[in-house]
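Quick note: the coordinates plus some simple rules give every number you see, no bench work behind them. This structure is a prediction, so every number in the text was calculated from the model and none was measured. Here the Cβ positions follow ideal geometry from the backbone for every residue, glycine too, while neighbour counts run over all protein chains shown.
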């Protein structure tokens with residue numbers, strides 16, 4: 001984890017007793033002696049997220065008969081749970097996954113092209129794919145786990161995924177036009193994923209300039225690299241100019257005095 005403000009902790013696996021408690025929180029009727037219970041405990045190996053998602057996958061699949069199709073990985077479990085959703089809630093989840101781990105409801109509304117969004121969001125929260133976060137300026141939803149969002153997005157066919165990213169960027173700019181400068185990194189991300197290279201270059205450059213003005217030189221370097229890549233793919237002129245800025249930023253970002261300056 002390459003973050004100065006974060007500390008990575010290694011957590012021990014849950015004990016067999018604690019693992020069983022997690023499984024029973026989802027499937028209260030199971031007993032330690034059941035073959036299906038032992039299968040879940042053996043596959044999850046004390047990983048609490050895997051335990052819970054495996055138990056939910058088994059429950060969604062109809063209990064004991066599901067043991068023939070219990071996936072071997074967390075990714076497989078999440079994919080199986082998403083595939084079992086009815087078609088419309090599944091499309092809502094996929095659409096939401098484009099917007100990030102947390103997203104405002106109004107942004108999802110701008111992208112959703114179907115009906116009864118409230119009903120489908122209720123179903124997704126009931127099944128604990130999402131949970132609602134309120135209390136701020138607007139209602140937002142959060143994916144229960146970042147991996148759930150990643151897997152949901154991966155289930156979208158590439159052309160549809162590009163279309164949704166383009167629509168997400170357009171909706172963001174339309175809903176908050178006064179925040180376009182602040183949203184430039186996010187807009188660059190969506191346009192990049194949409195392969196709208198000229199717009200991706202434009203917003204990545206704006207984000208780089210804002211980061212450079214704030215002396216966040218490492219971030220500026222990343223954004224200029226993103227802009228160079230996008231402009232190259234779009235075959236537009238900014239690539240050469242941005243390429244000239246990069247060496248100067250590298251010197252600024254990675255050079256530092258060997259000792260702190262003396263205090264006068």
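Filtered by the rule that a residue be surrounded by fewer than 21 Cβ atoms within 10 Å (Cβ to Cβ) and either assigned to a helix (DSSP H, G or I) or touching a helix residue (DSSP H, G or I) at 6+ places or on another chain (Cβ under 6 Å) (or both), segment 85-106 gives 87, 88, 89, 90, 91, 94, 101, 105, 106.
The single residue among 59, 46 that is surrounded by fewer than 18 Cβ atoms within 10 Å (Cβ to Cβ), in contact with a helix residue (DSSP H, G or I) (Cβ under 7 Å, 6 or more places away or on another chain) and more than 18 Å from residue 73 (Cβ to Cβ) turns out to be 59. Taking the criterion of being touching a strand residue (DSSP E or B) at 6+ places or on another chain (Cβ under 8 Å) and not in a loop (DSSP other than H, G, I, E, B), the residues of segment 114-145 that qualify are 121, 124, 125, 130, 131, 132, 133, 140, 141, 142, 143.
Would you say residue 111 is out of contact with any strand residue (DSSP E or B) (no Cβ under 6 Å at 6 or more places or on another chain), under 21 Å from residue 143 (Cβ atoms) and surrounded by 17 or more Cβ atoms within 10 Å (Cβ to Cβ)? Yes; evaluated as a whole, the condition is true for this residue.
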